[in-house]
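Just below is one structure, and these are the notes that go with it.
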């Protein structure tokens with residue numbers, strides 16, 4: 001997903017039919033896609049490999065779990081035609097499922113990202129959604145499965161994928177503190193490039209070459225010294241990923257897409273069937289070198305990302321009817337299972353990583369120059385703590401000059417970013433990275449990942465210069481909070497806890513109805529209050 005240049009794709013791969021699956025070894029019986037689709041919830045035990053369910057996300061409740069997921073916002077990669085939004089029109093929980101939907105971007109807010117793509121920039125005409133578990137939940141050895149219904153339509157580009165936990169988020173974390181792409185590793189669990197629906201095809205809409213609503217891709221991306229112009233080793237001399245095709249649109253029903261990682265191999269699955277395996281060794285010395293580079297990129301902690309793009313370098317131009325046709329990407333559940341061997345391999349790997357301690361939400365006053373790592377430590381010698389701050393909670397979806405708005409890196413402990421004293425009052429996302437003393441990752445994009453790092457996330461609130469006013473003998477409701485801030489437990493007594501809970505909803509994001517704006521929950525210390 002994080003590719004920057006036009007890429008060739010693997011040739012047509014195995015076929016998943018209603019009755020059979022065709023793979024390299026010939027015909028393998030399959031009980032039937034329709035039958036496996038009937039599964040409505042995660043099971044406690046996977047009988048295929050005796051893996052035990054260790055974690056799941058069921059999308060319960062009415063709000064996306066902010067303790068697990070964060071939003072990616074703006075126009076980020078691939079010369080795509082969507083603006084990732086935080087509106088519930090684009091990302092919402094509905095009937096116990098995650099729904100990511102395409103909507104038309106108002107004409108006044110449409111733009112071309114010429115700063116990144118120059119004269120080639122496509123028109124950003126849609127709003128859509130992208131969420132990830134970065135800084136909160138990583139995965140390594142085990143089987144990660146997602147039950148979802150993929151969209152269809154010209155240029156609809158859904159993706160379920162993973163990136164190395166220390167990725168610098170395309171510069172939204174100081175690049176000296178984060179690994180670049182493809183060095184961080186990218187593991188695409190499933191991607192699809194949508195073709196016109198039957199109705200739109202009958203009206204004359206044509207598909208980009210070789211795309212289909214019945215074809216999915218699974219691909220690894222990793223740094224390799226003999227790789228392509230981006231330093232990616234995935235495609236040459238032969239692709240290491242695979243494709244699968246079935247005899248019905250993937251939009252017709254839910255399917256379970258999965259990736260299974262062990263120290264020896266990767267397996268891509270759909271509905272429990274392995275359609276592509278990547279072994280990390282090969283008999284040819286040059287190819288073995290590439291496979292070892294793939295192992296370095298793939299066998300590391302990765303966070304999960306789910307998004308619905310539209311158009312781009314690979315997908316071509318998106319059709320004009322995706323919003324009108326109700327194009328959406330629906331996820332029923334996510335589950336993670338491990339065998340005993342995978343659990344042990346996981347434990348051994350994580351024992352080599354530094355752990356950040358003392359990470360919690362921080363409040364400062366406007367104008368204060370603060371080392372935000374003051375209360376944070378690392379559990380081993382030889383490491384230091386770096387931090388970066390970006391303005392994700394302050395993101396405005398529309399109504400800005402020129403239409404384009406992006407999340408910005410606004411402060412950091414190293415590199416070229418400013419400190420905290422220049423930050424306006426508001427709410428920000430704070431990322432910590434634990435690195436060996438003196439490490440600079442600025443040139444890491446084409447290097448094999450070799451530096452053990454830690455990553456954690458918190459919220460930074462910048463209070464007005466005078467702080468907050470409240471009655472120490474009253475309830476939290478007595479504290480006068482800035483515009484957009486509300487107490488989530490107003491009846492709590494201030495003298496009975498060290499911290500209290502607050503929710504922030506950006507009142508400046510006027511292009512989105514108040515009830516559809518992104519809520520950010522965090523805590524404030526009692527010391528933030530002036531009596």
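The values are calculated or read from the model by the stated rules, or taken from the named source; none is laboratory data. Please read all numbers here as calculations on a predicted model, not as lab measurements. Don't worry about glycine lacking a Cβ; one is built from the backbone with ideal geometry, like all the others, and counts go over all protein chains shown.
Here are the numbers for the structure shown:
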quantity: Every residue from region 493-529 that is modelled with pLDDT under 85 and loosely packed, with under 12 Cβ neighbours inside 10 Å; calculated: 495, 496
quantity: Qualifying residue in region 405-421 (condition: in a loop (DSSP other than H, G, I, E, B), over 25 Å from the mean Cα position of the chain (by Cα) and surrounded by 14 or more Cβ atoms within 10 Å (Cβ to Cβ)); calculated: yes
quantity: Elements of type strands (runs of 3 or more DSSP E) contained in region 452-519, each with 2 or more residues being in contact (Cβ under 8 Å) with a residue 40 or more places away in the chain; calculated: 454-463, 499-505
quantity: Count - residues of region 111-136 that are buried (at least 19 other Cβ atoms within 10 Å of the Cβ) and part of a loop (DSSP other than H, G, I, E, B); calculated: 7
quantity: Residue among 206, 197, 262 that alone is out of contact with any strand residue (DSSP E or B) (no Cβ under 8 Å at 6 or more places or on another chain) and within 21 Å of residue 143 (Cβ to Cβ); calculated: 262
quantity: First in region 133-146 and in the same structural domain as residue 305 (by TED's automatic domain parsing) and on the phi > 0 side of the Ramachandran plot, second anywhere and crowded, with 20+ Cβ neighbours inside 10 Å and in a loop (DSSP other than H, G, I, E, B), Cβ under 9 Å, 6 or more apart; calculated: 135/165
quantity: Any chance residue 307 is assigned to a strand (DSSP E or B), closer than 30 Å to residue 102 by Cβ and in the same structural domain as residue 336 (by TED's automatic domain parsing); calculated: yes
quantity: Any hit, region 41-52, residues being in the same structural domain as residue 158 (by TED's automatic domain parsing), within 30 Å of residue 338 (Cβ to Cβ), modelled with pLDDT of 95 or more and over 14 Å from the mean Cα position of the chain (by Cα); calculated: yes
quantity: Candidate set from region 422-457 (those that are crowded, with 20+ Cβ neighbours inside 10 Å and in contact with a helix residue (DSSP H, G or I) (Cβ under 9 Å, 6 or more places away or on another chain)); member that is farthest from residue 164 (Cα to Cα); calculated: 426
quantity: Output for region 94-110, where each listed residue is under 19 Å from residue 150 (Cβ atoms) and touching a strand residue (DSSP E or B) at 6+ places or on another chain (Cβ under 9 Å); calculated: 94, 96, 97, 98, 99, 100, 101, 102, 103
quantity: Index of the failed condition, residue 393 passing every other in (1) under 20 Å from residue 504 (Cα atoms); (2) part of a loop (DSSP other than H, G, I, E, B); (3) in contact with a strand residue (DSSP E or B) (Cβ under 7 Å, 6 or more places away or on another chain); calculated: (2)
quantity: Candidate set from region 473-492 (those that are exposed (fewer than 14 other Cβ atoms within 10 Å of the Cβ) and modelled with pLDDT under 90); member that is farthest from residue 74 (Cα to Cα); calculated: 473
quantity: Residue in region 113-128 that is farther than 21 Å from residue 317 by Cα, assigned by TED's automatic domain parsing to the domain that holds residue 202 and in contact with a strand residue (DSSP E or B) (Cβ under 8 Å, 6 or more places away or on another chain) present; calculated: no
quantity: Test: residue in region 131-145 that is touching a strand residue (DSSP E or B) at 6+ places or on another chain (Cβ under 6 Å) and farther than 23 Å from residue 182 by Cα; calculated: yes
quantity: Some residue of region 354-364 being over 19 Å from the mean Cα position of the chain (by Cα), closer than 24 Å to residue 141 by Cβ and part of a loop (DSSP other than H, G, I, E, B); calculated: yes
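Quick grid of which residues meet (1) surrounded by fewer than 23 Cβ atoms within 10 Å (Cβ to Cβ); (2) in contact with a helix residue (DSSP H, G or I) (Cβ under 7 Å, 6 or more places away or on another chain); (3) within 30 Å of residue 200 (Cβ to Cβ):
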residue	(1), (2), (3)
281	yes, yes, no
289	yes, no, no
298	no, no, no
304	no, no, no
309	no, no, yes
323	yes, no, yes
329	no, no, yes
336	yes, no, no
